[in-house]
Amino acid sequence: MMFKHNFKKVLSATAFAVALVVAPAANVLAATNDASSTQQSATATSQDQQASQDQAASQSSAANQSSATAASASSSTSTSSATSTSTVKKTTKKAKKTTKKSKKKAVKKVAKKTTKKKATKKAKKTSKKATKKTTKAATVAVTASADQSHATDQQDDAAKKAAEVAAKKAAAAKKKAAAKKKAAAKKKAAKKKAAAKKKAAKKKAAKKKAAAKKKAAKKSAEKAAKYWIAMRESSGYYTARNGSCYGRYQLLISYLGGDLSKKNQERTADRYVYGRYGSWVNAKRFWLAHNWY
């Protein structure tokens, strides 16, 4: 009975050691993620199954030992008790070693998974940061490009407007210059025309004056020649008579038509001279050549 009681204690200690190994590993693995938790649960289940198998083997061994002990119970109870105690100690020590190894393995595994998870998380974080940075850089580049394009468009519009304004100003200046030139040409033409008109008028006036002067001179010459002939013919008397000739110019009495007045004598003498000689000057020339007219 004492052996059985000790064997039960050994079994309880073994089960407790196994529980100590399985429980922390299950707790640690459950803290990671769902996939590793499932794996750890499977591992825990496997360990439980192994523990059950070990327990069954122990119970079988205990049953065998119990049979052996029942056969030799009368011989050495104290020896069995010492052996049982030594076996419990060995089993406990072995269980502790197994627990430590399991704990170490579990800790290493968890640490490895944690490290891997941290590395993955860090890599993801780094990748996310890099992506974010790249996206930000791309956004900044696109924004800068858009701003530059907008600025270029604004510069092009400003240049186009400036060119249009310059073209308008140039056209206005050209139009103004053309109008000014046209006005100057018109003024010059008007001035030239006025000068030509003035010159023509002056020339005409001079011509007219010359003609008038010539006419006056001719008239004066005519008057002088008429007077010269009158003085040679009758010494200037309207009543002088020489045969059939009568008056200041000694015209035939038949030319006077019975009118012996001064006026008729002047009129008849002019008609006779202009009709025969063209002028009193010509009549004087003829008189000088022939001593009569």
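The values are calculated or read from the model by the stated rules, or taken from the named source; none is laboratory data. As the structure is a computational prediction, the values presented were derived from the model and not from experiment. Virtual Cβ from ideal backbone geometry, glycine too; neighbours counted across all protein chains shown. Remember, those area values only see protein heavy atoms, side chains included, never the ligands or the DNA or RNA. Shrake-Rupley method; radii C 1.70, N 1.55, O 1.52, S 1.80 Å.
General observations
- When nucleic acids and ligands are ignored and a 1.4 Å probe is applied, Ser235 ends up with an accessible area of around 70 Å².
- Surface accessible to a 1.4 Å probe, Arg232 within the full protein complex, Å²: 120 Å²
- All other residues whose Cβ lies under 10 angstrom from that of Ser234 are scored, Lys and Arg at +1 and Asp and Glu at -1, for a net of +2.
- Area of Thr239 that stays accessible when all protein chains are in place (1.4 Å probe, Å², to 10): 100 Å²
- Anchor Lys207: lysines whose Cα lies under 19 Å away (excluding residues fewer than 8 positions away in-chain): Lys197, Lys198, Lys199, Lys215, Lys218, Lys219
- Zero-based 5 Å bins, Cα pair distances in segment 149-269, whole percents: 3, 8, 9, 8, 6, 5, 5, 5, 5, 4, 4, 4, 4, 4, 3, 3, 3, 3, 3, 3, 2, 2, 2, 1, 1, 0
- Efficiency of FRET between Thr239 and Ala206 - r from beta-carbon atoms, R0 45 angstrom, step 0.05: 0.45
- Rule-of-thumb Rg ratio for segment 204-255 [Cα; 2.2 N^0.38 Å; N residues]: 1.63
- For the residue pairs Lys214/Lys284; Lys223/Lys263; Lys161/Lys187; Lys94/Lys118, the C-alpha atoms sit more than 27 angstrom apart in Lys161/Lys187; Lys94/Lys118.
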